[in-house]
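These notes concern the structure reproduced below.
The values are calculated or read from the model by the stated rules, or taken from the named source; none is laboratory data. Since the model is a prediction, treat every value here as computed from it, not as a measurement. With ideal geometry, Cβ positions are generated from the backbone for all residues, glycine too; neighbour counts draw on all protein chains shown. With ligands, DNA and RNA removed, areas are computed over all heavy atoms of the protein, side chains included. Shrake-Rupley method; radii C 1.70, N 1.55, O 1.52, S 1.80 Å.
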Amino acid sequence: MSYVEESTTPALRSPAMSQQASSLAHEWRKLTRAATIVALFTAPAFFLVLHRTNGWGVLPSLLATFIAVIAFRGLVDVLSHKLIPTPNLYGASKELLEEDVVARRRTWYWRKKFRHLAWYLGTFVVVTVVVNLGLGIAGHPTSLLGTWGALAPLLGQVLPLFLLIGIQLPILFLTNFLILFGPLLVFGLKQMKGYEPGDADWGVRLADVRGQAEPKEEVTRVISLWQSGDEFEKAGGKRERGLLFLGAPGTGKTMLSKAIATSFNSPFVLMPGSGFAQTFIGMDVIIVLFLIGKARRLARKWGGTCIVFIDEIDAVGMRRQALGQGAGFEPQVSPDDVNFYGPWGAQTASGDVIVETRAWRERLFASRATPAPPLYPPAIARLRDRVSGFVAPGMMGGMGGGMALNQLLVQMDGVDDPPFLKKFVTNRVNTFLDATFVIPRRIGSRSLRLAPPKPRPEQIYFIGATNVPIDSLDPALIRPGRMGRHIWFRTPTKDDRQDIFDLYIDKVAHETELDTDPRRDELARMTSGYSPAMIEQVCSMALTFAHAEGRMEFNRADIVEAMTTVETGTAQGIEYVPEETRAVALHEAGHAVGSYLFQENIEATRLTIRKRGEALGHFQSAEKEERFSSWRSEEMALLVMILSAMATEHVFYGENGRGVGGDIQGASFRAMAMVGMAGMAPEFVELDGRFRTEDEEDEARERIMKRFERIGNQIIHRSDPGAGSPYARPLVGVMTDPPKRALAAQILGQAYVTAYNAMRHNRAALEQVADVLVEKRELHGDDVIDLLEQVAPRRPAIDLLDRSTWPRM
């Protein structure tokens, strides 16, 4: 099933609210309405009692009645939420979700007011009793109600000293602390953003996250349990504490997190991983404590649940020195890593051959990772540098040796722990009662000790996103119980891109011809390596081109121009001389025809001779079926395609130009990678028993291989393949090892001889392709495929014993 089809499966549609949750929600609505009716009907009686019985005026009676009604109504909400479970509103209607937001706000408000009232009254009564006893002991007995009046003269004498010790000195200390550390700490805390339900709408819904069907389904399943998983826990299950999003930049990790914040009725705290980096040791710990504190406050306010999203968590969660001996790992090199040039990962240094594969997409998206922005503005950074000049050695240190990670792990483990103050008071009181010896621990079945405090009711869940390999992260962070659920985001395949196009192109005015299935499939093939954001940009830019010409809808030509502009910059208005134009057209036609003849799993997506960037033209193609590995025959076919341009120049001009330098470098590195990394050898030469003895056949085969080697040595790129690229360094061993170098040269020779004979045999087809290319300058998608099928090149039979088969180099 394609990913487009998967995106319409019931599991990924907006789920309907369960019957039980719907019934409970409607019962809640009836209860709140009944409480409101009761409060309103009892209000007149309460007013008459105040006004007639107690003799209050009309205005005070009305005000007191109003306060009593709303306080009663708030008390009913607080008690109801204590005694009755809250329904799971996942999948509920917008109206029901809005009512839920209002109800939770009311409950939070009145719960806070009643708690404060109880605290203030209790504190006032206790202090009054203690002061009254003190006055009695000091010989100034008075009534309980007259306590504060009798204390007034003494307060006038003590007040100045109290102001000095209790207010002025702390303010002076706090001011100096804020002057030194405040600006640095503020800009760290400023990156922490909290959003309550209804506060922010990024315009992203779960339905808008396209091309990542499996991650979206996993996230939906997990967060449904986060929001309301009481029955799941009663059945013995344990909700996941954290999710870890893994994938290359631009694959939709942050977009999905925004969809979560928009779609789920839960508060959301957003924090970049770089925000934990601080100037002084210990300040990063404060950032973590502020983060958890903010999440807990929001969770208490909104029914006990809050989601914390840490983007680029590798900035704080890389392996610690004690565990990993450094944060980085040497990349594992594969043949696909050797040739990757320019911003679009061309196979050749000249940038004129691009082939979309899975490995190519992974490298391409990884190369788009943007460095983290500076933590502080320039003025604050200068202040930081000045401060670092006179602080004690050891106070500086950025991450403080992993203190932020340590504290984050502690907080992730302790989000369910009872509050510290409650544990402290319970321990001290019970210890004191035990120490009196006379107070028993229990009388019958009744305990005379404070009960152990219960775990925190609020639940904080964590989502982290990173571009680095999972092995680079600290094992303590990604283990089960913390961020133990790992969700992988792949780079968008052709089917994924078609799904993404279905979202964005429908939002922009376009001609109906672009709504057909063949055209959508063509657009997906043409946008190799595109991220969702790039596809959205292309659709918008195409409309820009249409409006510039006075058209209200864009067409295929507009979106093609937008694609080429996004990929390689605006086309340069450079006219080649006619001879050079045809030479460039023949060069690119050689690549196209070579791919058509020898690469069975590859189809062309673009053929152009318009200069963009450093390339005078280029040929682009993509895999028909995504592969995770390749055979030697497929690698040889790629070499033939790359060298077909050089062979074309020899067929038409008897020599080659300098423009084949990038092709030679790419082909040389790939041939060396085939030998040195994949253990591949040249193709065995079949001579069809044309010799009388095996010895004669072996001698002929050896002469042929030597001839291949001579041609390959003439072609092979001579510069150090390890210079400037960590991926190409392993090829140095092939260059310096004579037997392996000989094998690489033979592979190159075989590829070039095959390309030369194919181009010579299809000279007429090459001329036709070049003629069309000179006329139109640029072909895309189906236009390239149709042209190649029209000229119909054919593979020739190659006789290695025929002298004309061998090119003169």
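Reported count of residues in segment 737-766, each being open to solvent by 30 Å² or more (accessible area, probe 1.4 Å) and out of contact with any His (no Cβ under 8 Å at 6 or more places or on another chain), is 11. Cβ-Cβ distances below 8 Å connect the following pairs, each with a first residue in segment 614-633 that is touching a residue at least 12 places away in the same chain (Cβ under 8 Å), a second residue that is open to solvent by 70 Å² or more (accessible area, probe 1.4 Å), and a separation of six or more residues or different chains: 617/610; 632/683. The residues of segment 684-710 that are under 52 Å from the mean Cα position of the chain (by Cα) and not in a loop (DSSP other than H, G, I, E, B), listed by number, are 705, 708, 709, 710. Among the residues of segment 600-617, none qualifies, meaning not one is part of a helix (DSSP H, G or I) and surrounded by fewer than 24 Cβ atoms within 10 Å (Cβ to Cβ). Taking the conditions exactly as written (in contact (Cβ under 8 Å) with a residue 60 or more places away in the chain, at negative phi and out of contact with any Phe, Trp or Tyr (no Cβ under 9 Å at 6 or more places or on another chain)), does residue 534 satisfy them or not? For residue 534, the condition - in contact (Cβ under 8 Å) with a residue 60 or more places away in the chain, at negative phi and out of contact with any Phe, Trp or Tyr (no Cβ under 9 Å at 6 or more places or on another chain) - is met. Scanning segment 249-266 for residues that are outside any helix (DSSP H, G or I) and out of contact with any Leu (no Cβ under 8 Å at 6 or more places or on another chain) turns up 249, 250, 251, 252, 264, 266.
Each residue in segment 242-258 was checked for being among the basic types (Lys, Arg) and either within 8 Å of the chain's Cα centre (by Cα) or at pLDDT 85 or above (or both), and 1 of them qualify.
Might you check whether a residue that is aromatic (Phe, Trp, Tyr) and either in contact with a Cys (Cβ under 9 Å, 6 or more places away or on another chain) or modelled with pLDDT of 80 or more (or both) occurs anywhere in segment 416-435? Working first, answer last.
Of segment 416-435, the ones aromatic (Phe, Trp, Tyr) are 420, 424, 432.
Retained after the next criterion (residues that are either in contact with a Cys (Cβ under 9 Å, 6 or more places away or on another chain) or modelled with pLDDT of 80 or more (or both)): 424.
The answer is yes, given that some residue of segment 416-435 is aromatic (Phe, Trp, Tyr) and either in contact with a Cys (Cβ under 9 Å, 6 or more places away or on another chain) or modelled with pLDDT of 80 or more (or both).
Residue 509 falls short on exactly one of the conditions (1) among the small types (Gly, Ala, Ser); (2) at pLDDT 90 or above; (3) open to solvent by less than 10 Å² (accessible area, probe 1.4 Å), and that condition is (3). Summed over segment 518-539, the residues that are open to solvent by 30 Å² or more (accessible area, probe 1.4 Å) and either in contact with a Leu (Cβ under 7 Å, 6 or more places away or on another chain) or within 23 Å of residue 364 (Cα to Cα) (or both) give a count of 4.
Beta carbons closer than 8 Å, at least 6 apart along the sequence or on distinct chains, pair a first residue in segment 774-789 that is farther than 20 Å from residue 565 by Cβ with a second that is open to solvent by less than 70 Å² (accessible area, probe 1.4 Å) and of a type in the set (Asp, Glu) for 782/522; 785/603.
Being assigned to a helix (DSSP H, G or I), more than 18 Å from residue 621 (Cβ to Cβ), in contact with a Lys or Arg (Cβ under 6 Å, 6 or more places away or on another chain) and not polar (S, T, N, Q) is true for just one of 734, 753. Which residue is that?
Values: 753 fails: in contact with a Lys or Arg (Cβ under 6 Å, 6 or more places away or on another chain).
From the options 734, 753, the qualifying one is 734.
Residue pairs whose Cβ atoms lie under 9 Å apart, sitting 6 or more positions apart in sequence or on different chains, and linking a residue in segment 658-679 that is under 19 Å from residue 630 (Cβ atoms) to a partner that is of a type in the set (Phe, Trp, Tyr) and assigned to a helix (DSSP H, G or I), are 667/752. Here is a check on your reading of the model: is residue 515 surrounded by fewer than 23 Cβ atoms within 10 Å (Cβ to Cβ) and either touching a residue at least 24 places away in the same chain (Cβ under 8 Å) or over 14 Å from residue 251 (Cα atoms) (or both)? When the stated conditions are applied, residue 515 passes them. Only helices (runs of 4 or more DSSP H) whose full extent lies in segment 445-555 are considered here, and the ones with at least 1 residues that are farther than 25 Å from residue 368 by Cα are 475-478, 517-526, 532-548. Taking segment 641-698 as the range and being in contact with a Ser or Thr (Cβ under 9 Å, 6 or more places away or on another chain), open to solvent by 10 Å² or more (accessible area, probe 1.4 Å) and among the acidic types (Asp, Glu) as the test, only 683 passes. Close contacts from segment 115-128, counting a first residue that is modelled with pLDDT under 85 and a second that is open to solvent by less than 80 Å² (accessible area, probe 1.4 Å) and part of a helix (DSSP H, G or I), with Cβ to Cβ under 8 Å and a gap of 6+ residues or different chains, come to 128/147.
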